[in-house]
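Colleague: Below you'll find the structure I mean.
The values are calculated or read from the model by the stated rules, or taken from the named source; none is laboratory data. Remember, predicted model here, so these are calculated numbers, not experimental data. We place every Cβ from the backbone using ideal geometry, glycine too, and count neighbours over all the protein chains shown.
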Amino acid sequence: MELEVRRRTGIALLAKGLGVREVARLVGTSPGSVTRWRQTYERAGEEGLKAKRHPGAKPRLSVQDRQRLAAMLLEGAQAHGYSTDLWTLKRVAQVIEKHFGVHYHHCYVWEILRRMKWSPQKPRRLARERDEARIERWRKVDWARIKKSP
């Protein structure tokens, strides 16, 4: 959008009689760009000055594929044959290739997950010996007894 405003400003300044170099200096671009804008304006009018979308390549996973992938990831990694329930980018890439036939480098898988509104999370590690009832009892009884009062 900013580029479109600069183009329109440049064309307006040219219409007032300013030179190409002066317009380029005022809008902060090169004289070649100003000349290109003028040629486009003469050929296509106001429509030629509009900003254009640059969509890039078409996604290889459709919206439905990403929804199916999310459901698979929610099943957990063990449901897909892995020894732990921790999803890594390499594991997700393998699941995508196996189920959808699309190969992605594991580093790019993060972009897919981010677009799906997933965030990096790692399970909190807790000791096997941890006794939640005993911890809660300590907080209520012992901690209340030993903490300094205000």
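Colleague: Is it the case that some residue within segment 94-110 is touching a His at 6+ places or on another chain (Cβ under 9 Å), surrounded by 14 or more Cβ atoms within 10 Å (Cβ to Cβ), aliphatic (A, V, I, L, M) and not in a loop (DSSP other than H, G, I, E, B)?
Modeller: Yes, segment 94-110 contains a residue that is touching a His at 6+ places or on another chain (Cβ under 9 Å), surrounded by 14 or more Cβ atoms within 10 Å (Cβ to Cβ), aliphatic (A, V, I, L, M) and not in a loop (DSSP other than H, G, I, E, B).
Colleague: A follow-up question, please. Sort through LEU69, LEU89 and tell me the only one that's in contact with a Cys (Cβ under 9 Å, 6 or more places away or on another chain) and either closer than 30 Å to LEU14 by Cβ or surrounded by 10 or more Cβ atoms within 10 Å (Cβ to Cβ) (or both).
Modeller: Details: LEU69 fails: in contact with a Cys (Cβ under 9 Å, 6 or more places away or on another chain).
Just one listed residue meets the conditions, LEU89.
Colleague: Identify, by number, the condition in (1) out of contact with any Leu (no Cβ under 9 Å at 6 or more places or on another chain); (2) polar (S, T, N, Q); (3) surrounded by 10 or more Cβ atoms within 10 Å (Cβ to Cβ) that THR40 doesn't meet.
Modeller: Every condition holds for THR40 apart from (1).
Let's see how each residue does on (1) at pLDDT below 95; (2) in contact with a helix residue (DSSP H, G or I) (Cβ under 9 Å, 6 or more places away or on another chain); (3) among the polar types (S, T, N, Q):
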position: TRP37; (1), (2), (3): yes, yes, no
position: THR40; (1), (2), (3): yes, yes, yes
position: LYS50; (1), (2), (3): yes, yes, no
position: LYS58; (1), (2), (3): yes, no, no
position: ARG68; (1), (2), (3): no, yes, no
position: LEU74; (1), (2), (3): yes, no, no
position: ALA77; (1), (2), (3): yes, yes, no
position: ASP85; (1), (2), (3): yes, yes, no
position: THR88; (1), (2), (3): yes, yes, yes
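Colleague: For segment 111-133, which residues satisfy the criterion of being exposed (fewer than 10 other Cβ atoms within 10 Å of the Cβ) and either in a helix (DSSP H, G or I) or among the small types (Gly, Ala, Ser) (or both)?
Modeller: Let us first name the residues in segment 111-133 that are exposed (fewer than 10 other Cβ atoms within 10 Å of the Cβ), namely 117, 119-130, 132-133.
Selection gives SER119, ALA127, GLU132, ALA133.
Colleague: Consider MET72 against the criteria (1) in contact (Cβ under 8 Å) with a residue 12 or more places away in the chain; (2) among the hydrophobic types (A, V, I, L, M, F, W, C); (3) assigned to a loop (DSSP other than H, G, I, E, B): it satisfies all of them except one. Which criterion is unmet?
Modeller: (3)
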